[in-house]
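Here's the structure we're looking at; comments come further down.
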Amino acid sequence: MDPSVMQNPEMANFINQEQQRAMINEMVGKLTSACWDKCITSAPGSKFSSSESACLSNCARRYLDMSMIIMKRFQNMQ
């Protein structure tokens, strides 16, 4: 990246925010794919069954918890 761009605090902040948005979008996509494959075992109807809803909720919670653990470990490595 051009060093002069990073000297502009507003541009650096904008780039940082966009990188964070991209990372969150990627995480949501992975979470959705992984939990859908794990929890939705038949053709979905107009509503999720109670077991599908519980599975999706638990899966998402575990995924986010693990993501936070991994991010904290990476932060501690720096």
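Key figures for this structure:
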| item | result |
| --- | --- |
| Theoretical ellipticity at 222 nm over the chain - DSSP helices of four or more residues, -39500 (n - 2.57) apiece, nearest 500 | -28500 deg cm²/dmol |
| Residue (of 36, 49, 75) at the positive-pole extreme of the chain, dipole from beta-carbon charges | 49 |
| Angle in degrees between helix 9-39 and the longest Cα principal axis of the chain, rounded to the nearest 10 | 20 degrees |
| Carbon/sulfur fraction of accessible area - segment 31-78, other protein chains in place, 1.4 Å, % | 58 percent |
| Selected from 12, 22, 54 as most flexible by GNM, with the chain as the system and alpha-carbon contacts under 10 Å | 12 |
| Surface per residue (accessible, 1.4 Å probe) for the chain, Å² | 83 Å² |
| Angstrom value of the Kirkwood radius, inverse mean 1/r, which spans all Cα pairs in segment 6-78 | 14.7 Å |
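The values are calculated or read from the model by the stated rules, or taken from the named source; none is laboratory data. Fair warning: this is a prediction, and the values are worked out from it, not measured in the lab. Cβ coordinates were reconstructed from backbone atoms using ideal geometry, including for glycine residues, and neighbour counts include every protein chain displayed. The accessibility values were calculated without ligands, DNA or RNA, using every heavy atom of the protein model including side chains. Shrake-Rupley method; radii C 1.70, N 1.55, O 1.52, S 1.80 Å.
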